[in-house]
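Heads up: the structure comes next, in structure tokens.
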Amino acid sequence: MKALIISTNRNIYPEPVMPIGACMAAEAAQNAGHDVRLADLMFARDPINSIRSVIKTFNPDVVGLSIRNIDNNDLCAPVRLFEGPKEMARVIRQATCAPLVLGGAALSVMPRELLAETGADIAVLADGERVFPAVLEAYASGKGPLNIEGAAMEGTAMLKDGVYVSTPPARNKSEACFRPPRYEKWLDKRRYLSMLSAAPMLTKAGCHFECVYCTYKKLPGGVYELMDPAEAAHEIERLSKSGFRDIEFVDNVFNSPPGHAISVCEEVIRRNIRARLHTVELNPLFITEELVRRMERAGFAGVGITAESASDTVLAKLNKGFGVQHVIKAAEILRKSSLPCLWIFMLGGPGENEKTVRETLRFAKTYPKPQDAVFFNIGVRIYPGTGLERIARQEGLLSLSASEMLEPVFYLSPGLNFDWLFRGVESVVAGNLNFIDVRSMQSRHLPRIRRLFRMLGIKQPLWRHTARIRKGLRLLGLEAK
Ligand code: B12
């Protein structure tokens, strides 16, 4: 089969991320013997024209549309990122009658709604590297992706006469499922590196945490499937040798299960790999001295800690599975380390009030190292099927139907006044140069700063230089007001 995968993501904030999922699906389909083309639209000047032209020249039998983001998760300045892929799906339908297959991280969040909005034939719910080749086989055999009983193929969903049918993905990832793709083969490596993008690397599937706002639980479930640590180190070495010195772990949580993270670091140390490793998904619960020492030696250049709050009331309502004592312990351990840290907080969730916000702000000013960066998000995006959706409905804050929730909709605690929170965060960010809010993440200066840093040889992560960047922007009168 001739399979065309279109990676629709064009969002360059906070950085252009390499489409690991689309590349994995493409590479697996090619390894299964199909003729595969990947059109990455991240840097395309005219994406619609690019789509028309690749369909015309390649004439695919199947088109896969990879959708990463629905929106930018920003209550203060929401951007509807799904608008682009929706228009692209329309253009694809005009240009070819090949079946349209959806895939990508967004599909694990709102598959039914994305199927309805794009009019696609089928959605791959996860594990594109296993399921996409099977879907291609089903089309090649002429049977299509519905089995005799009318059920969707394993790992897929579709709207059958308007009724949503789906079958969850099986739990049998093999080692090959984790192997990072040969990015240089599918993407414009130079363009990504010029923007300081890191190469994504996955070492596990699953997450056992039950955070109230999260969609991970739906897929791939609470049990972990783990990459062999030695194999992970081997792949890290391969990526590094092929010019991707900055490698970012994109696991849901890097340090859970903790023993696996430690083993991955140990294998990297044992092989003496000189890569610069990153993660923004460290859970405070499993931050131990043992892990931190290994991460330092393995070459971590920056770690993000998803603390979310420093109030026990809010952490309990968010069902984070840890309390302030764990956040403080993590901070104390990290203080003794050389790891640059980005502390990530989410203000305005269930149970939040002025007192709990003050607790978090006090923590942020007290515990992180002076050179660490601190990020505040305001409000929590509500997705269908989550505990947060139930809370929002019970509290009378949400009356939209699931399909209407494709529009950015956020939870903001009724115990808080939005203006008070917004102004409070604005003022604390203004007063602390190492603090950032969502506006900094979306700053129009970011792409230029990235290119400048690349030219000057300044290394990732960008947030490590928050205070210096903000000082510079302030001097030039360019800091967002
Ligand atoms: C790590 C991560 C980040 C890192 C990325 C680092 C990097 N270098 O890549 C950072 C912190 C930078 C980040 C940023 C953002 N992220 Co983020 N991120 C994630 C996370 C945790 C993992 C993503 C990942 O790489 N997974 C591993 C790969 C292998 O999985 P995958 O992409 O889903 O691909 C598989 C399948 O989807 C499928 N597949 C993929 N493409 C295709 C195509 C076809 C045809 C087929 C058949 C199958 C298929 O097969 C793949 C292999 O199994 C996810 C949550 C999650 N678990 O999905 C959120 C997630 C993707 N992010 C999300 C969001 C919103 C964002 C931001 C917009 C946040 C912000 N305000 O800045 C930005 C956008 C960045 C950008 N430029 O687009 C949302 C997206 C959905 C949504 N709610 O809109 C997610 C799902 C979190 C959530 N539940 O809300 N993110």
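Values quoted throughout were computed directly from the atomic coordinates according to the rules given, and no laboratory measurement underlies them. Source: prediction; values computed, not measured. Methodologically, a virtual Cβ is constructed for each residue, glycine included, from the backbone with ideal geometry; neighbour enumeration extends over all protein chains shown.
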For this session: Could you calculate, for the chain, the ratio of the Cα radius of gyration to the Kirkwood radius, expressed as Rg to Rh?
Result: 0.95
Exercise. Could you give P(r) for the range 341-407, binned at 10 Å from zero, as whole percent values over all Cα-Cα pairs?
Worked result: 17, 39, 26, 16, 2
Exercise. Straight-line reach from Lys471: which lysines have a Cα under 17 Å away, not including same-chain ones fewer than 8 places off?
Worked result: Lys481
Problem set entry | Leu478-Ala77 pseudo-label distance in nm [points 7 Å out on the Cα-to-Cβ vector] | 1.4
For this session: Check cross-link reach from Lys329 to the lysines: straight Cα distance under 30 Å, and skip same-chain residues fewer than eight apart.
Result: Lys204, Lys217, Lys317, Lys320, Lys355, Lys365, Lys369, Lys459
Exercise. Hey, what number do you get for the chain at 222 nm if only DSSP H runs of n ≥ 4 count, each worth -39500 (n - 2.57), divided across all residues, to the nearest 500?
Worked result: -11500 deg cm²/dmol
Problem set entry | Arg358 versus Arg423: modelled label distance in nm, points set 7 Å from Cα along the beta carbon direction | 1.6
Exercise. If you average 1/r over every pair of different alpha-carbon atoms in the range 11-53 and take one over that average, what Kirkwood value in Å do you get?
Worked result: 11.9
Seminar exercise, completed: Here the gain from full extension of Lys2 to Arg45, 0.36 nm per residue of separation minus their alpha-carbon distance, amounts to 13.0 nm
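So how many Å³ per residue does the convex hull of the Cα atoms of the range 2-167 work out to? Walk me through the numbers on the way to the answer.
Values: hull volume 17.8 nm³, N = 166.
Spelled out: Cα convex hull of the range 2-167, divided by residues, is 107 Å³.
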Seminar exercise, completed: In this structure, the FRET efficiency calculated for Lys160 and Ser242 from their beta-carbon separation, with R0 = 30 Å, to the nearest 0.05, is 0.10
For this session: For Ser53 paired with Ser399, estimate the spin-label separation in nm (one decimal), with each label point 7 Å from Cα along the Cα-to-Cβ line.
Result: 4.9
Exercise. Mind listing which trypsin sites (Lys or Arg not before Pro) in the range 56-89 are in a DSSP loop and have 13 or fewer other Cβ atoms within 10 Å?
Worked result: none
